[in-house]
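Working notes, structure below.
What follows draws every value from the coordinates through simple rules; no lab data is involved. Small disclaimer: the values here were computed from a predicted structure and weren't measured. Please note: Cβ atoms are built from the backbone with ideal geometry, for glycine as well, and neighbour counts cover all protein chains shown.
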Amino acid sequence: MQGKHIAILESRLGEQLAALITRAGGVPLRAPALAEVPDGDPQALHAFLDSCTQRPPQLFIFQTGVGTQALLDMTEDLGRTAQLLDLLSRAQIVERGPKPAGVLRAHGIRIDVATGDPHTTAELLRALDGIALRGSRVVVQRYGESNRELDAALREHGAEVVELPTYRWALPQDTGPLAQLLDALDRDQVDAVVFTSASQARNLFAFARGELREDALRAGLQRVRIFSIGPVSTRALAALDVHVDAEASPPKLGPLLTLLRERLS
């Protein structure tokens, strides 16, 4: 990918991905499109924990490491961590990947069900296959947005779903790099754009819409190579009428970087 200008919308791992692209001979253009904004509601958490004395959950699902830690931090602030840990000890615990698993183990919390690689919602639903859900109260640690696919599947199997929000995804406070990306696309100074989450695609278009530059963004993306980390991102891009040239499999940074090397060499 010698000399190719590659736009990166990743926030948390953006620096790492940029370094890998640089090492491979590319020129990264960082334009973070996501920010994690605290979204916990202490009063709602109080009310949920109060309700558990009458109706304790049978199942907890932890989807992200950041969200799992945020939930434990919130109960610590409320002085109710001991109650949460007691509830967890009497319920089945499901994790979606190594990050929430690491946080749970660090707090001595037992894990009953683990997802398989690459730890997407599809693997999570397969892991839940053998669990009787009808009539159960299931707590889902929500990440940046509601996992509608998971919630719908749980309700279809007769579960009562309780979402516990911890953070939400929003546009970064500094949107200057996103404006610079739109300018670079206008000037044909971008060879490829890399999407590592569905929310990045939606946020990029929301920003362009607010700047009255959505049509220009769409035209610019049609002139470059579009790379997606996996099927969830690809579906979000398709919904925005954006073509995808290549999708990583499995949906991880390593295969994505390999794909970039192969297609941009």
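Tabulated values for the structure
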quantity	calculated
Amide H within-cut-off set for Val27, under 5 Å, with H built and near neighbours excluded	Gly3, Lys4, His5, Ile6
Relative contact order of the chain, pairs being alpha-carbon contacts under 8 Å that are 6 or more residues apart, as %	21
Rounded, prolate or oblate (a/c below 1.5 giving rounded, otherwise prolate when a/b exceeds b/c) for segment 37-169 by Cα gyration tensor	rounded
Calculated Rg and Dmax of the Cα atoms in Å (choose from (i) 17.5, 50; (ii) 17.8, 54; (iii) 20.3, 63), label	(iii)
Karplus 3J(HN,Hα) series, Hz, for segment 181-193 with 6.51 cos²θ - 1.76 cosθ + 1.60 (x for Gly, Pro)	5, 4, 4, 5, 5, 4, 8, 6, 9, 10, 9, 7, 10
Whole-Hz couplings from phi, Karplus 6.51/-1.76/1.60, listed for segment 147-155; x for Gly and Pro	8, 4, 4, 5, 4, 5, 5, 5, 5
Helix-only [θ]222 nm of the chain, DSSP H runs n ≥ 4, -39500 (n - 2.57) each, per residue, nearest 500	-13500 deg cm²/dmol
Whole-Hz couplings from phi, Karplus 6.51/-1.76/1.60, listed for segment 34-43; x for Gly and Pro	9, 9, 8, 10, x, 9, x, 10, x, 5
Net charge dipole size for the chain [Lys, Arg +1 and Asp, Glu -1 on Cβ; Debye, nearest 20]	460
Pairwise FRET efficiency - Leu212 versus Arg55, Cβ, R0 = 41 Å, nearest 0.05	0.25
